[in-house]
Amino acid sequence: LAKDGGKHGTAVYEPCLHSAALERLQLRADLERALVEGELVLHFQPTITLADDGAVPTVHGFEALVRWQHPERGLVPPVHFVPLAEESGLIVPMGTWVLQEACRAAVTLQLPGRPPIAMSVNVAVAQLTAPGFVQLVADALADSGLAPQQLVLEITETSLLAGADVVAPLLGQLRATGIRIAIDDFGTGYSSLSYLRDLPVDVLKVDKSFVDHVVGDEQGASLAEAIIAMGQSLHLTTVAEGVEGPEQAAWLTAAGATYGQGYLWSKPVPLVEAAALLAPAPGVAVQV
Ligand code: C2E
Ligand code: MG
Ligand code: MG
Ligand code: MG
């Protein structure tokens, strides 16, 4: 850092380093306050049933995605604070809030007479392995009245691989209660697939990086096709992430992916807008 000296010496660089570190400290303190003050919000992105008949898109469920409504910075996306929360351990209380809030939202979104809505919640490995997690999930379900069959816990492939020995029995316990487990960002973990034999999972979320290449890229299409086929033969549900174009959706449907999720249908939206996506007809008000 500033090793070549120059006419400004280290004085040019130190203030920057200093302010970067300060900025992180400030953000961490802010994040603790955000939790207490209720500045975190959930947005919901629908997962769509990929039916072969070209019918109107059907919402199968939603993924809850956390945002920080910061008083000065506006709506902060998770990429700017989830890693920080993971480092500082704040991810555990934050994740508890997300879980409880998402379960309540699913119950709110459920319209009478409509098939049960699935609610997906992202879970960091630190949460999963924190003492009492299985009970915490059971309590969130009991308190909200959500059926375990409606809850999907998403764990990234990378974090699964980091602690498969510890994680596998926990996933087994959760699954025994009827909750489903999804592997998030599937295909980005650069690892042996043998873990699929040992880990009790239900859903593969095919990472956007594969979905991006299904149209007009022969190699890319083959790769995505192989992942979807593998999911099918292992009796796993597949969700294609980051679907942005109708050609991609058509291709994924033909390839046999179960669900799609992406800007093509909707960005993650606040609860009221998520409810509107489920409204039986335009103009019908849904109470949330
Ligand atoms: P993820 O779980 O893989 O979520 C999907 C991300 O892709 C979301 O970004 C979503 O907005 C984005 N996305 C969906 N469709 C499209 C599309 O068509 N095009 C593009 N370009 N992007 C699309 P988001 O909300 O910024 O979340 C980023 C990541 O932050 C999530 O990736 C997840 O790993 C993490 N995250 C979000 N909420 C939570 C949470 O409550 N707990 C934990 N532990 N992690 C969370
Ligand atoms: Mg996810
Ligand atoms: Mg993902
Ligand atoms: Mg992702």
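With contacts taken as Cα pairs under 8 Å and at least 6 residues apart, region 138-243 reaches a relative contact order of 23 percent.
Spatially, region 161-192 and region 49-116 are offset by 19 Å when compared through their Cα centroids. Over all other residues within a Cβ to Cβ distance under 13 Å of Ser192, the charged ones net out to -1, with Lys and Arg as +1 and Asp and Glu as -1. By the Kirkwood approach, averaging reciprocal distances over each pair of separate Cα atoms, region 77-186 gets a hydrodynamic radius of 14.4 Å.
Counting only other residues whose beta carbon sits under 10 Å from that of Val121, what net charge do I get with K and R as +1, D and E as -1? The answer is -3. When only alpha carbons are used to place a centre, region 130-154 and region 210-234 end up 33 Å from one another. Each of Ser222 and Leu111 was given a label point 7 Å from its Cα along the Cα-to-Cβ line. The distance between the two points is 4.5 nm. Electrostatic tally near Ala164: other residues with Cβ closer than 14 Å to its Cβ, Lys and Arg +1, Asp and Glu -1, net -2.
Starting from the Cα of Leu25, move 7 Å in the Cα-to-Cβ direction to define the label point; list residues of region 71-88 whose amide nitrogen is under 17 Å from there. From region 71-88, the list is 88. Helix screen, the chain: DSSP H segments with Cα axial length of 20 Å or more and mean Kyte-Doolittle hydropathy at least 0.5 are 91-109.
Distance between the 7 Å Cα→Cβ label points at His80 and Ala130: 2.4 nm.
With each label modelled as a point 7 angstrom along the Cα→C-beta vector, the Ser88-Ser233 pair spans 4.7 nm. Per-residue ellipticity at 222 nm, computed for the chain from helices alone with -39500 (n - 2.57) per DSSP H run of at least four residues, works out to -13000 deg cm²/dmol. Taking the average, over residues, of other Cβ atoms within 10 Å as the packing measure, peptides 33-39, 271-277 rank 271-277, 33-39 from highest down. Across the chain, the mean sequence separation of Cα contacts (distance under 8 Å, 6 or more residues apart), normalised by length, yields a relative contact order of 17 percent. If you roll a 1.4 Å probe over the chain with all protein chains in place, what percent of the accessible area is carbon or sulfur? Percent of accessible area from carbon and sulfur atoms in the chain: 57.
First measure r as the distance between the Cβ atoms of Asp165 and Ala142, then evaluate 1/(1 + (r/R0)^6) with R0 = 25 Å and state the FRET efficiency to the nearest 0.05. According to the calculation, E is roughly 0.30.
Of all DSSP bridge pairs formed entirely within the chain, close to 40 percent run antiparallel.
Packing, as the average of other Cβ atoms within 10 Å across residues, places the peptides 110-117, 198-205, 99-106, 171-178 in the order 99-106, 198-205, 171-178, 110-117, highest first.
The values are calculated or read from the model by the stated rules, or taken from the named source; none is laboratory data. The shown structure was predicted, so the numbers you read here are calculated from the model rather than taken from an experiment. When we count neighbours, we look across all protein chains shown, and the Cβ atoms used for this are built from the backbone with ideal geometry, even at glycine. Please note that ligands, DNA and RNA were not included when accessible areas were found on the heavy atoms of the full protein model with its side chains. Shrake-Rupley method; radii C 1.70, N 1.55, O 1.52, S 1.80 Å.
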